[in-house]
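Asker: My questions will all concern the structure given below.
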Amino acid sequence: MVQNDAFRVLDRQECLRLLAKVPVGRVVYTRRALPAVLPVNFALGNDDAVLLCTSAGSDLVRAIDGVVVAFEGDEFDPVTRSGWSVVVTGRADVVTDPAEHGRLSRTGPASWMPARNEVFVRIASEMVTGRELGTR
């Protein structure tokens, strides 16, 4: 990889700390063999997994349950031309354990969209990468 002094590579802990500061990110997945990106609100779990809440019958759940996806969050300031971007890559799974679902219903993210038969999706943080541009 070519070194660019404008960018600084972030370690895993710093990536997760920054990601926890923003309320919305983007799920990157495959839909009908094509790339798809969907903005969603989220939370980070105690195990550093990305947690989503959505409707059980949603197209998103059908597309990502049991497959590897990417999740990206960022924050940029166009005036100072600075910011950061973090990508979490890992397997997405619908939470099926009733006790875990109950816990997440109390403490996890709430969907910003009306959700019928809400389910929680956990994206494992198998690979976490990030870069910072300029200074914060």
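Asker: Distance between the C-alpha centers of the range 21-40 and the range 106-125? Whole Å please.
Answerer: Value for the Cα centre distance between the two parts: 15 Å.
Asker: What relative contact order, as a whole-number percentage, does the chain give when Cα pairs under 8 Å and 6 or more residues apart are counted? Provide the component values of the computation, followed by the final result.
Answerer: On the way: 271 pairs, mean separation 45.1, N = 136.
This gives 33 percent for the chain.
Asker: Right, next: Helix-only mean residue ellipticity at 222 nm, the chain, DSSP H runs n ≥ 4 weighted -39,500 (n - 2.57), per residue, nearest 500. What is it? Don't skip to the end; give the middle numbers.
Answerer: Details: 3 runs with 24 residues, N = 136.
Value at 222 nm, helices only, nearest 500: -4500 deg cm²/dmol.
Asker: Springs between alpha-carbon atoms under 10 Å, Gaussian network over the chain: tell me which of R103, R31, R12 tops the mean-square fluctuations.
Answerer: Highest fluctuation among the options: R103.
Asker: Oh, and also: When only DSSP loop residues count, what GluC sites (Glu not before Pro) in the range 31-136 have their Cβ near at most 16 other Cβ atoms within 10 Å? Present the calculation step by step, with values, prior to reporting the outcome.
Answerer: On the way: sites: E72, E75, E100, E118, E126, E132; in loops: E126.
Sparse-neighbourhood loop GluC sites (Glu not before Pro): E126.
Asker: Using the beta-carbon distance between D47 and T80 and R0 = 41 Å, what value does 1/(1 + (r/R0)^6) give for FRET efficiency, to the nearest 0.05? Numbers along the way, then the final one.
Answerer: Numbers: r = 34 Å, r/R0 = 0.83.
Taking R0 as 41 Å, the efficiency between D47 and T80 is 0.75.
Asker: A further question follows. Can you pull the percent of the chain's accessible area that's carbon plus sulfur, 1.4 Å probe, other chains left in place? Display every interim value, and only then the final one.
Answerer: Details: 4500 of 8160 Å².
Carbon and sulfur: 55 percent of the exposed surface of the chain.
Asker: Extension gain R91-S105, at 0.36 nm per residue separation less the Cα-Cα distance, in nm? Please list the in-between numbers first.
Answerer: On the way: separation 14, 0.36 × 14 = 5.04 nm, distance 2.12 nm.
Contour length minus the Cα-Cα distance gives 2.9 nm.
Asker: A further question on this structure: Calculate, for the chain, the solvent-accessible area per residue in square angstrom, rolling a 1.4 angstrom probe over the heavy atoms of the protein chains.
Answerer: Dividing the accessible area of the chain by its residue count gives 60 Å².
Asker: Taking the Cα centre of the chain as origin, work out the dipole magnitude from +1 charges on Lys and Arg Cβ and -1 charges on Asp and Glu Cβ, in debye rounded to 20. Each step should come with its number before you reach the end.
Answerer: Details: 16 positive and 17 negative charges, 52 e Å.
The dipole magnitude comes to about 240 debye.
Asker: Diagonalise the Cα gyration tensor of the chain and give the resulting equivalent ellipsoid semi-axes, square root of 5 times each eigenvalue, largest first, whole Å.
Answerer: Details: eigenvalues 156, 50, 38 Å².
Listed largest to smallest, the semi-axes of the chain are 28, 16, 14 Å.
Asker: Still on this structure, please answer the following. Compute a Gaussian network model of the chain, connecting alpha carbons closer than 10 Å, and tell me which residue from A99, A43, A70 fluctuates the most.
Answerer: Fluctuation is largest for A99.
Asker: Same structure, new question: If each Cα of the range 15-64 is one equal point scatterer, what is log10 of I(q)/I(0) from the Debye formula at q = 0.16, 0.17, 0.28, 0.31 Å⁻¹?
Answerer: -0.51, -0.57, -1.13, -1.23
Asker: Against the longest alpha carbon principal axis of the chain, how many degrees, from 0 to 90 and to the nearest 10, is the axis of helix 98-107 turned?
Answerer: Approximately 50 degrees, to the nearest ten.
Asker: Shifting gears a bit: Go through the range 42-92 and name the trypsin sites (Lys or Arg not before Pro) that are in a DSSP coil and have 13 or fewer other Cβ atoms within 10 Å of their Cβ.
Answerer: Numbers: sites: R62, R81, R91; in loops: R81.
When the trypsin sites (Lys or Arg not before Pro) of the range 42-92 are filtered for loop state and at most 13 Cβ neighbours within 10 Å, R81 remain.
The values are calculated or read from the model by the stated rules, or taken from the named source; none is laboratory data. Not measured: the values here are computed from a predicted model. Cβ sites come from the backbone with ideal geometry, for glycine too, and all protein chains shown count toward neighbours. In case anyone asks, the SASA skips ligands and DNA or RNA and just uses the protein heavy atoms, side chains included. Shrake-Rupley method; radii C 1.70, N 1.55, O 1.52, S 1.80 Å.
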